[in-house]
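See structure below.
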Amino acid sequence: MPIKIYNTLTRRKEDFVPVDRSEVRIYVCGVTVYDFSHIGHARSALVFDMIRRYLRFRGYGTRFVRNYTDVDDKIIKRANAEGVTPREISERFIEAERADMASLGLLPPDVEPRATEHIPQMIQLIEGLIRKGLAYVVDGDVYYEVRCFPDYGRLSGKNLDELLAGARVEVDERKRDPRDFALWKSAKPGEPSWDSPWGPGRPGWHIECSAMAMQHLGETIDIHGGGIDLIFPHHSCEIAQTEGITGKPFSRYWAHNGFVNLGAEKMSKSLGNTLSIRELVKRHDPEALRLYLLGTHYRNALEWAEERVEEAARALGRLRAVVTEAEKLAARGTPPPGPDHGLFDEVARERARFEAAMDDDFNSPQALGVLFDLARTLQGARAQVNEGRAGAGAFLMGAAELVTLARAVGLLETRVEAAPAVDGKLKAHIDSLIWLREEARKKRDFAEADRLRAELDKMNVVLEDSREGTTWRLRR
């Protein structure tokens, strides 16, 4: 059976037929690097990491590109506020984003292009759009003329007139149409700029991804992904730019993940209601976070609930318990022969169910349900082995298959190890710092308390404050 993907452009599930099975070309819009990444970013990254992993599981090769927007109004604003260069801000948060994604167990992209490294490609693309009559120059700015691209807005399901009524557009009387969007912005004092045929300036946001995608994946890619908030205007503008210059479909399939909400609100930095990845992985097992986030279909909104992550951690323990039992059995050497009581066939049926779920638009909630069904079956088989009523070989095969299927969605990649031993000298030092921190908090010297907590964090000490006091453990 072929994999089916829901295509945002056509609003239906379609058989997945890539241009080249040996290299499925995937482009996912990355973050604008002006702050730490939050759980909303984590969800999008995990979704497309899952899709990439599953395609590889099904025998496809992949080339995965995720970009960084490293020149933007928000980066410039933060740089000016801190008295540093925009490059310093972008470098700081690129490194932070890489660390955050690694902490979640994401596979690194094959290419991580930065907007500022592709200015020549953007200028060349803009020049081509001007020559084709799709863009125009006004006082050093360049705008895309949306009326020259009749399909503009098709991705969002709206026509040009509907977009005029409801679009978020910049107020600029120099535009021929209020829906026209900036391809190039003339230089302003205090902003980074590059030379161009229209004078010094910097690229608009939308042109970046068109240039980077074509540079690293070609004129037509297989899957273009991102959050649902990117459908309009960002991805709609990408289509207009790219197809306007090439005359070819930009992406064969458009995939978008739903929001992470706190209560009824979308999580966003501008609303001040974000949960940073770096704080969450201190409180939760990263694989438990992955299990929780994949427990909702990627196209649906997810309501954040801290207690559900804790439930996911307990559920993850049931999968890991099977692996632990298999490792104990395998350590005894070659298992003696014995009846399998149909376990081989049962495992094959569960694998077929898993693949059927994932083939249906990457239905991870159903696929996870199969993993837990298989784990229960294997626990029963393990009991039969203990009682001498079945051979261990079938159980070990089933446990190996559980790991294979789990890793197809990024689970069971890590092993839970015993807490690291702490020598007496180190323990005394940690206890002393915690006591000093408590004294500082009693005196309401919160700056000193924060400094001591930061010092403990550098020692990989995780603090857990409660009404009963503060406990600690070493981060694994």
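The values are calculated or read from the model by the stated rules, or taken from the named source; none is laboratory data. Every value quoted in this text rests on a predicted model; they were computed, and no experiment measured them. Cβ placement follows ideal geometry from the backbone for every residue including glycine, while neighbour counts extend to all protein chains displayed.
Below are the figures for this structure:
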{"quantity": "Test: residue in the stretch 27-38 that is part of a strand (DSSP E or B) and buried (at least 23 other Cβ atoms within 10 Å of the Cβ)", "calculated": "yes"}
{"quantity": "Those residues of the stretch 283-301 which are part of a loop (DSSP other than H, G, I, E, B) and more than 11 Å from residue 104 (Cα to Cα), in sequence order", "calculated": "295, 296, 297, 298, 299, 300, 301"}
{"quantity": "Output for the stretch 349-369, where each listed residue is basic (Lys, Arg) and either on the phi > 0 side of the Ramachandran plot or touching a residue at least 24 places away in the same chain (Cβ under 8 Å) (or both)", "calculated": "351"}
{"quantity": "Residue check for residue 63: of a type outside the set (A, V, I, L, M, F, W, C) and over 20 Å from residue 221 (Cα atoms)", "calculated": "no"}
{"quantity": "Checklist (1) surrounded by 15 or more Cβ atoms within 10 Å (Cβ to Cβ); (2) modelled with pLDDT under 85; (3) part of a helix (DSSP H, G or I) applied to residue 396, failing item", "calculated": "(2)"}
{"quantity": "Residue within the stretch 340-351 that is under 30 Å from residue 14 (Cβ atoms) and hydrophobic (A, V, I, L, M, F, W, C) present", "calculated": "yes"}
{"quantity": "Flag if residue 467 is farther than 30 Å from residue 295 by Cα and modelled with pLDDT under 75", "calculated": "yes"}
{"quantity": "In the stretch 87-115, residue farthest from residue 62 (Cα to Cα) [restricted to those that are β-branched (Val, Ile, Thr) and touching a helix residue (DSSP H, G or I) at 6+ places or on another chain (Cβ under 6 Å)]", "calculated": "89"}
{"quantity": "Wholly within the stretch 155-244, strands (runs of 3 or more DSSP E) carrying at least 1 residues that are of a type in the set (D, E, K, R), under 19 Å from residue 130 (Cα atoms) and touching a Phe, Trp or Tyr at 6+ places or on another chain (Cβ under 7 Å)", "calculated": "201-203"}
{"quantity": "Answer from 43, 56, 87 - the residue that is closer than 26 Å to residue 280 by Cβ, outside any loop (DSSP other than H, G, I, E, B) and of a type in the set (Lys, Arg)", "calculated": "43"}
{"quantity": "Those residues of the stretch 400-445 which are modelled with pLDDT of 80 or more, in a loop (DSSP other than H, G, I, E, B) and farther than 30 Å from residue 378 by Cα, in sequence order", "calculated": "443, 445"}
{"quantity": "Residue in the stretch 100-123 that is of a type in the set (D, E, K, R), touching a residue at least 40 places away in the same chain (Cβ under 8 Å) and buried (at least 22 other Cβ atoms within 10 Å of the Cβ) present", "calculated": "yes"}
